[in-house]
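The values are calculated or read from the model by the stated rules, or taken from the named source; none is laboratory data. All values derive from a computational prediction rather than experimental measurement. Here the Cβ positions follow ideal geometry from the backbone for every residue, glycine too, while neighbour counts run over all protein chains shown. SASA here: full protein model, heavy atoms, side chains in, ligands and nucleic acids out. Shrake-Rupley method; radii C 1.70, N 1.55, O 1.52, S 1.80 Å.
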Amino acid sequence: MWAEPQLKTSPDFRISDHDPDGATIAKESREWIARGSVPGAGTQWESMSRWALVDIRQLMASGKAAGGAPAAGAAANWGYFWPRDGAFLAVALDRTGHHEEARHLVDVLAGLPFDAAEGFDARYLLGGERVTLDPRGPQSDGCGWVLWALGSMSASSLPTSTAGLRSKCLNNIMRLTWSGWQLPPPSPDYWELHVTQTSLGTVAPMLAGLHATARAGTTLERPLAADMAKRLGAQVHSQMGPELERFGDHGGLDAAVAMLMPPFGPSDRRVTKQWLGYQKVALRSSGGLAPGAGWKNDGTSWTPETALVAYTAAASGQDRVATRWLDWLDDNRTPWGSLPEKVNRSGDPAGPAPLLWTAALVLLTLDALEAD
């Protein structure tokens, strides 16, 4: 019998630090939050922002105790570190003034096992070791997200490991795309499924990383990355446009089209049109978005993809769109305040809660609205 996704929380996640009414935050968390800033302070989303910070702090602390990296979410099967999630977390920590923690994440990323040809694995153990039980292998979007993060952070959050990390990731993308002259080989992307064709979800983060390096790399890296971004962007639009679906002209629109939007890439009417289209075809009965139009339509909405659209809307000056999705995310938090991975067709939070990728995206969205 079909069963709706259920909410999952880890016994290691101290629910006692949360109050269903949002009235009590642990003393340590209050002090930590006070050392930085709260995006959205004074708005209807302040509570969501504060809980996102609480959740990030708590899983960061637990990760350090386990060897260095925070778990993706508060449930056993999410007790791993994804480079993609780490990249977004590092930027969110930088934007909220928690530079020490942001530097720590960059050091973690720099120390992960890395294959020069294939890049990062999809996920790692919290101590930084490769996963041997249920390994998911390489996932070549990782270097793109890491380069985007490094190029989006302030100097206060960049440790000495940054130079080596940026160099090896830039070389990895150069190798996979022949310096931008062709699309990279097929690789699992954020869907984490085996594919036989290159997906937009693999190449779009690479473009984001190149654009960021063109802005913030070294004197030698900036022109190299800019030229690669120009060539690779042309390949994306010639081979995957104008549809910009999961596999170009088929597979349905998915959240990867948001990865071409600001702040990841320049404003482009062709991209914006498909970004708006994704929000229509991936809308689910629970009110949020599925990872893509081709994802199973069981009514379940996914918060990371919904928050990704909110972030790109805020960064594009489309405040109404950002507000719509922020309100939905806020309305579908758990009783104790965390952002879950999913919301099922009955409107109940499901999956791990909190999910740190979503928490980071919400903070970045609120920060982008303030900067607008």
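Just to verify a result, which residue in segment 107-128, among those that are assigned to a strand (DSSP E or B) and either under 19 Å from the mean Cα position of the chain (by Cα) or without any contact (Cβ under 8 Å) to a residue 12 or more places away in the chain (or both), is nearest to residue 222 (Cα to Cα)?
Ranking the candidates gives 119 first.
Considering only residues that are open to solvent by 30 Å² or more (accessible area, probe 1.4 Å) and within 18 Å of the chain's Cα centre (by Cα), look in segment 88-106 and name the one that is nearest to residue 358 (Cα to Cα).
It comes out as 95.
With farther than 18 Å from residue 236 by Cβ, touching a Pro at 6+ places or on another chain (Cβ under 7 Å) and of a type in the set (Gly, Ala, Ser) as the only criterion, which of 137, 142 stands out?
142
Hey, can you tell me all the residues within segment 253-280 that are assigned to a loop (DSSP other than H, G, I, E, B) and polar (S, T, N, Q)?
Selection gives 267 alone.
Evaluate the following for residue 167: is it open to solvent by 10 Å² or more (accessible area, probe 1.4 Å), of a type in the set (S, T, N, Q) and within 22 Å of the chain's Cα centre (by Cα)?
Against the criterion (open to solvent by 10 Å² or more (accessible area, probe 1.4 Å), of a type in the set (S, T, N, Q) and within 22 Å of the chain's Cα centre (by Cα)), residue 167 qualifies.
Tell me, which residue of segment 358-372 that is open to solvent by 10 Å² or more (accessible area, probe 1.4 Å) and of a type outside the set (Gly, Ala, Ser) is farthest from residue 327 (Cα to Cα)?
Result: 372.
Within segment 270-280, take every residue that is free of Cβ contacts under 8 Å to residues at least 12 places away in the same chain and closer than 23 Å to residue 368 by Cα and give me the one that is surrounded by the most Cβ atoms within 10 Å (Cβ to Cβ).
It comes out as 276.
Looking at segment 281-294, which of the residues that are touching a residue at least 60 places away in the same chain (Cβ under 8 Å) and open to solvent by 10 Å² or more (accessible area, probe 1.4 Å) is farthest from residue 243 (Cα to Cα)?
286
Take segment 129-146 and flag every residue that is part of a loop (DSSP other than H, G, I, E, B), within 27 Å of residue 256 (Cβ to Cβ) and open to solvent by 20 Å² or more (accessible area, probe 1.4 Å).
Scanning segment 129-146 gives 134, 135, 136, 137.
Check residue 228 against each of (1) of a type in the set (A, V, I, L, M, F, W, C); (2) surrounded by fewer than 24 Cβ atoms within 10 Å (Cβ to Cβ); (3) in a helix (DSSP H, G or I); (4) over 21 Å from the mean Cα position of the chain (by Cα) and name the one condition it does not meet.
(2)
Does any residue in segment 244-269 that is at positive phi come within less than 6 Å, Cβ to Cβ, of a residue that is part of a strand (DSSP E or B) and at pLDDT 95 or above six or more places away or on a different chain, and which pairs are these?
Partner pairs satisfying both residue conditions: 251/245; 252/245; 252/292.
State whether one or more residues within segment 51-63 are under 26 Å from residue 206 (Cα atoms), at pLDDT 95 or above and open to solvent by less than 30 Å² (accessible area, probe 1.4 Å).
yes
Quick one: how many residues across segment 189-213 are open to solvent by 30 Å² or more (accessible area, probe 1.4 Å) and either of a type outside the set (S, T, N, Q) or touching a residue at least 40 places away in the same chain (Cβ under 8 Å) (or both)?
6
Does at least one position in segment 129-138 carry a residue that is touching a residue at least 24 places away in the same chain (Cβ under 8 Å), out of contact with any helix residue (DSSP H, G or I) (no Cβ under 9 Å at 6 or more places or on another chain), closer than 30 Å to residue 247 by Cβ and basic (Lys, Arg)?
yes
For segment 174-206, give me the residue count where each residue is touching a strand residue (DSSP E or B) at 6+ places or on another chain (Cβ under 8 Å) and within 26 Å of residue 219 (Cβ to Cβ).
So the answer is 1.
Considering only residues that are polar (S, T, N, Q), closer than 23 Å to residue 371 by Cβ and either buried (at least 24 other Cβ atoms within 10 Å of the Cβ) or free of Cβ contacts under 8 Å to residues at least 12 places away in the same chain (or both), which ones fall in segment 298-322?
Listed by number, the residues that qualify are 303, 306, 312, 318.
Can you name the residue in segment 147-164 that is part of a loop (DSSP other than H, G, I, E, B) and not small (Gly, Ala, Ser) and, of all such residues, is surrounded by the most Cβ atoms within 10 Å (Cβ to Cβ)?
Checking each candidate, the answer is 153.
Could you please tell me which pairs satisfy a Cβ distance under 9 Å, a separation of 6+ or placement on different chains, a first residue in segment 222-241 that is without any contact (Cβ under 8 Å) to a residue 12 or more places away in the chain, and a second residue that is in a helix (DSSP H, G or I) and surrounded by 15 or more Cβ atoms within 10 Å (Cβ to Cβ)?
222/213; 222/214; 222/216; 223/214
Output the residues belonging to segment 325-353 that are under 25 Å from residue 369 (Cα atoms), open to solvent by 30 Å² or more (accessible area, probe 1.4 Å) and of a type in the set (Asp, Glu).
Correct list: 327, 330, 331.
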